[in-house]
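The values are calculated or read from the model by the stated rules, or taken from the named source; none is laboratory data. Here the structure is a predicted model, which means the values were calculated and not measured. Cβ sites come from the backbone with ideal geometry, for glycine too, and all protein chains shown count toward neighbours. Calculation scope for accessible area: heavy atoms of the full protein, side chains included, ligands and nucleic acids excluded. Shrake-Rupley method; radii C 1.70, N 1.55, O 1.52, S 1.80 Å.
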Amino acid sequence: MSSIDSSHSTDSAGSSGTGAARGLRGPRVTETHVRVLIGASGWLALAATAVPGPSPLRWIPVLVFTLFGPGWAALYPQPDGPATGARLEAVALAAPISLSLGVLTATSLFLVEGFSATSFLVSLAVFTTVVAALPGLPLPAARRGAVERVRHRPADGGGT
């Protein structure tokens, strides 16, 4: 029985060695991973405000989230992944959409006399978390352009 156990452990070690060699590519990032990361980004920025003092560990996550988080949540989660042109369009529109949502949130909080950094970040984090779970806004211009470029190429590589 011990010879079977030792050969079994050798096989499993051999397979794990082969699996480790194949695993050099790294873990596969799926759409769900991206959605969870986008949804958690606001809560990470809010947690970063607990860092004492004017440390870059405090303001950089808040700045990056405020600039890109809500817009990226609204644009990125496309069904079947965004086309190449749609990725560029989503990146180009993420900051203006995020800043617009930030201005709307800040203005609303000022109007109800409830503005604070915490209430601002919580509002944007809740919005980002909810929107990251939904499908992204359609990006028709980039999708149409990407599809048209593919259709113009001959399938057989000929010049007809």
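Listing for the model above:
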item	result
Residue match in the range 87-98 (condition: charged (D, E, K, R), under 19 Å from H33 (Cα atoms) and at pLDDT 70 or above)	yes
L75, sole failed condition from (1) touching a Leu at 6+ places or on another chain (Cβ under 7 Å); (2) at pLDDT 95 or above	(2)
Any hit, the range 130-146, residues being at pLDDT 70 or above, not hydrophobic (A, V, I, L, M, F, W, C) and not in a loop (DSSP other than H, G, I, E, B)	no
Meets criteria (closer than 21 Å to T49 by Cβ, open to solvent by less than 70 Å² (accessible area, probe 1.4 Å) and in contact with a Lys or Arg (Cβ under 6 Å, 6 or more places away or on another chain)) for A86	no
